[in-house]
Amino acid sequence: MEITVVYIISQIITIAYFGVLTLSYLLQDRLKILITNLIAHIGQTVSMAMLNGYTGAAMSLIMTIRDLVLLIQERRKLKGKKISEKFDLMVLIVTVLAVILLTVFTYDGFLSLMSVIATLITTISLWQKNVKMYKILGIIAGILWLIYNAFIMSIMGIILESILLIASIIGYIRDSKKEKHMGEVK
């Protein structure tokens, strides 16, 4: 690994997008989670492309588009407009097909598949529309992204993915305790 200006810039971008992504695991509101994910995935796409992690960059691009679609749907829902389950399913299918297609073109060995599996897990968790499920599956996806960051030799990615993983575990535990407490109060 050579430390170049491009590498340093990619690491600065990595720090910024991880800050935003970590926030998403601590939020309760689905709309805010989607907004923070959208911002973070734009940064992630750029950073991974700069590191020649093209499978990860492709997955990040898909996640950016996915987050935008989910954000639009969530805003429509908040305005009282019904979201067609058929359309929702079609978007999910197109997302999965895009993941498969881009994986074919960017495949760079077994470890590059960690970003693919993480993207699919996160996509499924967001389609559940359940914040708790998002956080549980976020832990699994975090482990896979940690492996991928090691594969593309992103030092800040490794460090910050570890922090994000801890944040997602804390968010999950905090929500579980809150749920348990609410159950005891009833």
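The values are calculated or read from the model by the stated rules, or taken from the named source; none is laboratory data. On a predicted model such as this, the values are computed, not experimentally measured, just so you know. Positions of Cβ are generated from backbone atoms using ideal geometry, with glycine treated the same way; all protein chains shown enter the neighbour counts. Heads up: the accessible areas ignore ligands, DNA and RNA and are worked out on the full protein's heavy atoms, side chains in. Shrake-Rupley method; radii C 1.70, N 1.55, O 1.52, S 1.80 Å.
Details
- If you sort VAL99, VAL20 by accessible surface, 1.4 Å probe, largest first, the order is VAL20, VAL99.
- Degrees, to the nearest 10: 155-185 long Cα axis against longest axis of the chain: 10
- Restraint check, LYS86/LYS177; LYS79/LYS135; LYS86/LYS180; LYS79/LYS177, Cα-Cα greater than 28 Å: LYS86/LYS177; LYS86/LYS180; LYS79/LYS177
- Straight-line cross-link partners of LYS132 among the aspartates and glutamates, defined as a Cα under 18 Å from its Cα and at least 8 positions apart when in the same chain: ASP29, ASP67, GLU74, ASP175, GLU179.
- Stretchable slack from ARG75 to MET153, in nm (0.36 nm times residue separation minus alpha-carbon distance): 24.3 nm
- Largest accessible area first, the residues ARG76, ARG66 order themselves as ARG76, ARG66 under a 1.4 Å probe with ligands, DNA and RNA left out.
- The calculated pair-distance distribution of the chain uses every alpha carbon pair, bins of 5 angstrom beginning at 0, and gives 1, 8, 16, 21, 19, 15, 10, 5, 3, 1, 0, 0 percent.
- In nm, spacing of pseudo-spin labels at HIS181 and ILE9 (7 Å Cα→C-beta vector): 4.6
- As a length-normalised measure over Cα pairs under 8 Å and 6 or more apart, the relative contact order of region 45-186 settles at 22 percent.
- Every helix of 4 or more DSSP H residues in the chain counts as -39500 (n - 2.57), and over all residues that averages to -29500 deg cm²/dmol at 222 nm.
- Accessible area of region 92-171 belonging to carbon and sulfur atoms, whole % at 1.4 Å probe: 84
- Among VAL131, VAL116, VAL94: highest mean-square fluctuation, GNM of the chain, C-alpha pairs under 10 Å: VAL94
- Ranked order, PHE110, PHE18 - accessible area, probe 1.4 Å, largest first: PHE110, PHE18
- Centre separation in Å (Cα based) which lies between region 143-170 and region 24-75: 16
- Think of a 1.4 Å ball rolled over the protein heavy atoms: the chain then has 53 Å² of accessible area per residue.
- Efficiency of FRET from Cβ geometry, LYS82 and GLU2, R₀ 41 Å, rounded to 0.05: 0.15
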